[in-house]
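This report refers to the structure that appears directly beneath it.
The values are calculated or read from the model by the stated rules, or taken from the named source; none is laboratory data. From a predicted model like this one, the values you see are computed outputs, not experimental measurements. Cβ coordinates were reconstructed from backbone atoms using ideal geometry, including for glycine residues, and neighbour counts include every protein chain displayed.
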């Protein structure tokens, strides 16, 4: 009997699997692989910033000095020297025992979901918020509520009206994905106090905080209330995303369960990668390297702002000016749709991400996200001109 002749058992999916959805951004990125497409869609760091020579040297040194250890199974908490480096670089007192190395900060979101969310749990997020977080939370079947937000971030009155019974507030205070906005000092201080009064924990996601252009952002939320916050960070934006290394900092009472969830997920993040990162980071490398990233991204942001000012004149398009990070947020004029605009833009050789998938509730169909860090200045000029032409076509002008 051949295998195909055997009686077939149909796979039965778990109910939570029905809550899983493909990443809209990942699907759009497939389109951008077509030759000639200028992409403002991906949230990818510029490959120009990857310290390849430093990693080449670190790779050789790690294998020469500690090859067996680097290639062996390792502690779930992470490589001790790297955990110590993480604790030392944060702007508040952190014990290395509070640091858990994760397989990218995306895994940190997954661990948070598994440890803190039950079916039907109420969660609060900004409006809009990071799509990857919504994807990480969705399989646990929570009730996710978007809190009204403006250019300065979370609306505290709306937060208070929705906080009762919420497990946590998920927040990206620095150069937020997707909007690029930053929570200012006054709003940040007020939010920290209000969340503490409401008994509302905060999950603070900060992958972009080092990518400021003119001045660093205010003190993290976690520094203001370490017991009431869980902090997520990443090496993807300052070193290389392909390493898949991030970290979380958790209050001692929460840490053991996050560690157990980590052990169940993958035992540990790659020890070889952790040793390489620690080797590269020693002797203050990030202090020398990150300013070069800031300078590159600022120049590209300025190029996109200038192109938008030039090409969008008279079209009624609005956009913000981020103070750091990788994204800016734009809004089409009344009657336009970013989702409907996308295929027209792709036909003209440019791609972006419609804003709708970033909303937990009712979406703004006119919004869109533009990434300025992977395109050259010349590509930015060409791409924004093509985007303007697509908008004119949609508006019938």
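Details
- Of all residues in the stretch 300-311, those that are out of contact with any strand residue (DSSP E or B) (no Cβ under 8 Å at 6 or more places or on another chain) and either at positive phi or surrounded by 14 or more Cβ atoms within 10 Å (Cβ to Cβ) (or both) total 6.
- With respect to the conditions (1) touching a helix residue (DSSP H, G or I) at 6+ places or on another chain (Cβ under 6 Å); (2) part of a loop (DSSP other than H, G, I, E, B); (3) exposed (fewer than 15 other Cβ atoms within 10 Å of the Cβ), residue 363 falls short on a single one, namely (3).
- Flag for residue 328 being closer than 17 Å to residue 372 by Cβ and surrounded by 17 or more Cβ atoms within 10 Å (Cβ to Cβ): yes
- Residue within the stretch 312-331 that is part of a helix (DSSP H, G or I) and either outside the structural domain of residue 145 (by TED's automatic domain parsing) or modelled with pLDDT of 95 or more (or both) present: no
- Residue in the stretch 249-268 that is crowded, with 23+ Cβ neighbours inside 10 Å and either in the same structural domain as residue 382 (by TED's automatic domain parsing) or within 30 Å of residue 375 (Cα to Cα) (or both) present: no
- Unique match (being more than 18 Å from residue 167 (Cβ to Cβ), touching a helix residue (DSSP H, G or I) at 6+ places or on another chain (Cβ under 6 Å) and either in the same structural domain as residue 258 (by TED's automatic domain parsing) or outside any loop (DSSP other than H, G, I, E, B) (or both)) among 68, 128: 128
- Residue match in the stretch 34-42 (condition: surrounded by 15 or more Cβ atoms within 10 Å (Cβ to Cβ) and under 30 Å from residue 255 (Cα atoms)): no
- Helices (runs of 4 or more DSSP H) contained in the stretch 167-279 and holding at least 3 residues under 21 Å from residue 136 (Cα atoms) and touching a helix residue (DSSP H, G or I) at 6+ places or on another chain (Cβ under 9 Å): 255-266
- When residue 111 is tested against the conditions (1) in contact (Cβ under 8 Å) with a residue 40 or more places away in the chain; (2) within 28 Å of residue 190 (Cβ to Cβ); (3) surrounded by 24 or more Cβ atoms within 10 Å (Cβ to Cβ), the lone failure is (2).
- Residue tally, condition touching a helix residue (DSSP H, G or I) at 6+ places or on another chain (Cβ under 8 Å), at pLDDT below 95 and assigned to a helix (DSSP H, G or I), over the stretch 31-65: 1
- Within the stretch 291-319, considering residues that are out of contact with any helix residue (DSSP H, G or I) (no Cβ under 9 Å at 6 or more places or on another chain) and touching a residue at least 60 places away in the same chain (Cβ under 8 Å), the one nearest to residue 248 (Cα to Cα): 294
- Within the set 361, 349, the sole residue that is touching a strand residue (DSSP E or B) at 6+ places or on another chain (Cβ under 8 Å) and at positive phi turns out to be 349.
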